[in-house]
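Asks: The structure under discussion is supplied below as structure tokens; questions concerning it will follow.
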Amino acid sequence: MKVVDLRGCRCMDHIVKLERETRDYTGVFEVICSDSSALLDITAWAQRKGVEILEQKKDGDIVRFVMRKR
């Protein structure tokens, strides 16, 4: 499974990097982030892009998503 590590990215940087890392990718991937705004931003990005969120977990400051892009 592809892992997109966005820890340390702030504000919209995490969306820019996520878009770049998954542009040509299809399948299941994990996203790890540490910015509190990422929870809302990545959820909105997934809805706009038609990416399915399979799992979402928050553990302290770390948010993990498992997503599927077709």
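Asks: Among the strands (runs of 3 or more DSSP E) contained in the chain, which hold 3 or more residues that are within 10 Å of the chain's Cα centre (by Cα) and modelled with pLDDT of 95 or more?
Replies: Those strands (runs of 3 or more DSSP E) span 2-5, 27-33, 62-69.
Asks: Yes or no: Gly27 of a type outside the set (Lys, Arg) and in contact (Cβ under 8 Å) with a residue 24 or more places away in the chain?
Replies: yes
Asks: So which of Met67, Met1 ends up being exposed (fewer than 11 other Cβ atoms within 10 Å of the Cβ) and hydrophobic (A, V, I, L, M, F, W, C)?
Replies: Only one candidate passes the filter, namely Met1.
Asks: Yes or no: Ile53 touching an Asp or Glu at 6+ places or on another chain (Cβ under 7 Å) and surrounded by 12 or more Cβ atoms within 10 Å (Cβ to Cβ)?
Replies: Considered against the rule, which asks whether it is touching an Asp or Glu at 6+ places or on another chain (Cβ under 7 Å) and surrounded by 12 or more Cβ atoms within 10 Å (Cβ to Cβ), Ile53 comes out as no.
Asks: With the structure loaded, tell me whether Asp35 is under 13 Å from Arg7 (Cα atoms) and not hydroxyl-bearing (Ser, Thr, Tyr) or whether it fails that test.
Replies: yes
The values are calculated or read from the model by the stated rules, or taken from the named source; none is laboratory data. These numbers come from a predicted model, not from an experiment. A quick note on method: Cβ atoms are made from the backbone with ideal geometry, for glycine too, and the neighbour counts reach across all protein chains shown.
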